[in-house]
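Reading through the structure tokens given below for one structure.
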Amino acid sequence: MARDRIPIAKPMLGAEELAALQGPIESGWVTQGPEVAAFEKEFAACVGTPHACAVANCTAALHLALLVVGVKPGDEVITVSHSYIATANAIRYCGATPVFVDIDPATYNMDPALVEAAISDHTRAILCVHQMGMPCDLNALVPLAQRNHLPLIEDGACASGSEIQVDGTWDRIGKPHGDICCFSFHPRKVITTGDGGMLTTGNPAWDARFRLLRQHGMSIPDTARHGARQVMVEASTGLGYNYRMTDLQAAVGRAQLRRLPEIIAERRRLAARYHAALEAIAGVYPPHEPDWARSNWQSYAVRLDEGIDQRKLMQHMLDAGIATKTGIMNAHREPCMADHKLRFPLPHSEAAQDHGILLPLYPGLTDEQQDYVVKNLENGS
């Protein structure tokens, strides 16, 4: 009997999510409404922030975050190239220029030691990325940003449920450490709403601005207008966007949020099994988790010795029915950024892409399937 293909990722969806959809469907309110408001409140409580604003996706969240902190044409934003293209694109949406610094090869995240040299008179913000769910070194980045009077935006697309130790206490990513954190609920993320995003902040004025901009700058939200006892006429107060989340998505998100502890526990168990198994494979190295970080293991990236052919190994895995991905893309290498001029060399970012492979990891991956992945990784390397 042929073995079922093992995907790189698979959302954990079932009867709870299906049941959650019944309420908004029966109510007739399926766009941004009471389910979105409830999801925002519950997500805020989950990560420990006073304000959470739901939007259509994480790219929208990043765009709004940059706009609200004042990024405009001609500005520069310090970030990493080693990230999905959305990180750089959000900066470009504002007419600004991404200035790329290299990553720490151990964590695949922005190297704080390289940021200071990248700051110029045009720098408007720092945008770090909690890549693959591994927390950035916020204990270094936050004071650096404050010292230079720059807002720190966190691309936490992959980081729902990840934790960082700050002053001896474990905090969730999304609690106000930096100024704004942006999350994704794409199907490849730890929890999903089909697609969707969230902004968290400790700044009430910024939160109010997010809510205005996500709905075409309309002065009165639909929920207030439809619930009013007197006629209310809204007005467009300025350029805004259609970045709303639907109540259908939010209902699924609320069910997913209740599952978050079990999802993370299973991901961490699977990651630990990979760690143990990889000790026996020469030339293949597991990812590093600092003692101040607890990753949700949104993705599991192994590093290969330079003598191992990445593409040949991936083809071997695919022939065995196992999906893999190359290391995280580098935005500066993409055709859409062919005219971008690098200011700093990015050897660790490029090596992470060229010599990294993402292995399947998701709740529902059985121990037998995981052992089969490891066996084929060893045989093909």
Indicate the gyration tensor shape class of the range 10-159 (rounded, prolate or oblate), computed on the Cα atoms with a ≥ b ≥ c the square roots of the eigenvalues: a/c under 1.5 is rounded; otherwise a/b larger than b/c is prolate and the rest oblate.
-> prolate
Angle between the Cα long axis of helix 58-68 and the longest principal axis of the chain, 0 to 90 degrees, nearest 10?
-> 50 degrees
Proximal lysines relative to K375, as straight alpha-carbon distance under 28 Å, when same-chain residues fewer than 8 apart are discounted | K10, K189, K312, K325
Can you tell me how much longer the chain between Q165 and H288 gets when fully stretched, taken as 0.36 nm per residue apart minus their C-alpha distance, in nm with one decimal?
-> 42.7 nm
Checking H348, H51, H130 against a Gaussian network model of the chain (alpha-carbon springs below 10 Å), the top fluctuating residue turns out to be H348
Net charge dipole size for the chain [Lys, Arg +1 and Asp, Glu -1 on Cβ; Debye, nearest 20] | 820 debye
So the FRET efficiency between A276 and F344, C-beta based with R0 = 51 Å and rounded to 0.05, is 0.85
Take every Cα-Cα pair in the range 124-181 and report what % of them are more than 16 Å apart.
-> 35 percent
PRE reach from L13 (point 7 Å along Cα→Cβ): which of the range 240-283 fall under 17 Å by backbone N?
-> 245-260
Any aspartates and glutamates with Cα under 14 Å of the K341 Cα? List them, leaving off those in the same chain fewer than 8 positions away.
-> E76
Roughly what angle does helix 34-47 make with the longest principal axis of the chain, taking Cα atoms, 0 to 90 degrees, to the nearest 10?
-> 50 degrees
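With n ≥ 4 as the cut-off for DSSP H runs, can you work out [θ] at 222 nm for the chain, using -39500 (n - 2.57) per run divided by the number of residues, rounded to the nearest 500?
Working: 12 runs with 136 residues, N = 381.
The helix contribution divided over the chain gives -11000 deg cm²/dmol.
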Degrees separating the helix 204-213 axis from the principal Cα axis of the chain, which is the longest one = 90 degrees
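Throughout, read-outs are computed from the coordinates displayed, never taken from laboratory work. These numbers were taken from a predicted model, which means no experiment stands behind them. Neighbour counts are summed over all protein chains in view; Cβ atoms, including those assigned to glycine, are modelled from backbone coordinates with ideal geometry.
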